[in-house]
1. Can you tell me the length gained on complete extension of the stretch E114 to T46, counting 0.36 nm per residue apart and subtracting the Cα distance?
2. For the pairs K52/K81; K49/K194; K128/K238; K195/K216; K179/K240, note any where the Cα-Cα span goes beyond 25 Å.
3. For a footprinting-style exposure proxy, rank T183, T61, T244 by other Cβ within 10 Å, fewest first.
4. List the trypsin sites (Lys or Arg not before Pro) within the range 138-230 that DSSP assigns to loop and that have no more than 12 neighbouring Cβ atoms inside 10 Å.
5. Please compute the net charge surrounding T248, taking Lys and Arg as +1 and Asp and Glu as -1 over other residues with Cβ under 15 Å from its Cβ.
6. In percent, what relative contact order does the range 12-280 have, based on Cα pairs under 8 Å that are 6 or more apart in sequence?
7. At 0.36 nm per residue, minus the direct Cα-Cα distance, what do D218 and N92 gain on full extension? Give it in nm, one decimal, please.
8. Diagonalise the Cα gyration tensor of the range 12-280 and give the resulting equivalent ellipsoid semi-axes, square root of 5 times each eigenvalue, largest first, whole Å.
Amino acid sequence: MSLTKYLHQVKPREESYVNHVDRVQDLFITETVGSAGLAYELKVHTAMKTAKIPTLNSGDTPGAGFSNVGAGDIEASYNGKPFNIEIKASSNDQMGGGSFRYDMATGTFAPAREMDPEDLDLLMAAAKEKVSDINNYIKAARQIEPKDYHKNIAGIPLKISVEGRAKLKVDGLLAKINKNIKTSTNFIIRHYNKKGVYYMQVGGAGLFYMGKNPLKLDVPELKGEIQVEMRLGFGGGKLKFPTTPEPTDARSSGLRLQGRLKTKGKSKYSLDKVDDIEKLFGVI
C-alpha cells in the first residue's frame with residue numbers, strides 16, 4: 001500500500017512545534033505512571049504465585065512494555081483455561097496521554113511520540129469529538145491580524161499573536177476545546193475482550209470481570225467511566241512576528257490529551273492479597 005498520501009501528516013512545517021514543557025511532562029508521566037503500574041503488576045503476580053492454588057498458574061513475570069503485545073498485563077490460567085488480567089493501580093488510574101499534532105485538511109491526529117496502542121485508540125476516539133471545535137478555533141485564528149502570519153495556519157501546533165490568543169479566549173473558542181470528554185467503560189471492555197481479556201484488577205477496589213465472566217468467579221462487573229482531558233496549551237517561550245513598524249508578540253501552542261479510568265464499586269476479592277485469592281478459589 002502506498003504511503004504517499006499520508007506523508008503530509010508528519011511532514012515538518014513552520015507550525016510544527018511541541019512545547020518543551022509538554023515534552024518533559026510527557027516523559028515524566030510516562031516514566032512515573034509506567035513504574036508505578038509495573039510495581040503493582042509485580043505485587044499482584046507475587047500474590048498469585050504465593051497463594052496455594054494448585055490449578056492457578058500465574059504466568060510469566062510482568063515486564064515493562066505495552067500490554068497489547070500479549071493478552072493482558074498478566075497472562076495466567078486457571079484449571080487450564082485462560083485467566084488474562086488487566087491491571088490498574090487505582091480506581092482513578094491515569095491512562096496514557098501526551099502531545100498530539102492535528103492536520104485540519106485531513107481531520108487527522110498523530111501522537112508526538114509512541115504510545116500504547118490501546119491508549120492511542122481511546123484518545124483518538126475522544127479527539128475526533130472535538131474536531132469541529134478545533135477547526136472553528138483555527139478558522140477564527142486565520143482572520144486575526146497580522147493575517148500574513150495567521151492565514152496559513154494548517155493545524156496544531158500553531159503560532160498566534162498574544163492579542164489574538166486573548167481574543168479567542170474571550171470569545172469562548174478556547175474553552176470549547178479545553179473540556180473533559182467522558183465516555184463509559186464499554187470502549188475499553190470491547191477492546192480487552194477482543195484480546196481475550198475478561199478480568200481487571202484495580203488497586204484498592206479488587207477484581208472485576210469485563211463484559212463476560214468465563215471462569216464464573218464471584219466478582220462484580222466493572223463499572224465506571226473514562227475521562228479524557230484535552231488541553232490546547234501555550235508555551236512560555238516568547239516569539240515575535242517580524243511585523244513593521246514593531247514586531248508582534250506571539251506564542252506557540254500544542255494539543256495535549258490525557259486519559260483517566262475512573263472505576264466504581266468494590267469487589268470482595270483482590271488479587272494483591274494472598275488470603276483473598278485463596279478464598280476466591282475456594283482453598284479457605
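Bear in mind that the values in this text are calculations on the coordinates, not laboratory data. Every value quoted in this text rests on a predicted model; they were computed, and no experiment measured them. Cβ sites come from the backbone with ideal geometry, for glycine too, and all protein chains shown count toward neighbours.
1. Details: separation 68, 0.36 × 68 = 24.48 nm, distance 2.96 nm.
That pair, E114 and T46, stretches by 21.5 nm at full extension.
2. As for pairs spanning more than 25 Å Cα to Cα, those are K49/K194; K128/K238; K179/K240.
3. Taking fewest neighbouring Cβ atoms as first place, the list is T244, T61, T183.
4. K151, K216
5. Result for the local shell: +3.
6. Working: 515 pairs, mean separation 67.1, N = 269.
Computed over the range 12-280, the figure is 25 percent.
7. The span from D218 to N92 would gain 43.0 nm if fully extended.
8. 46, 16, 14
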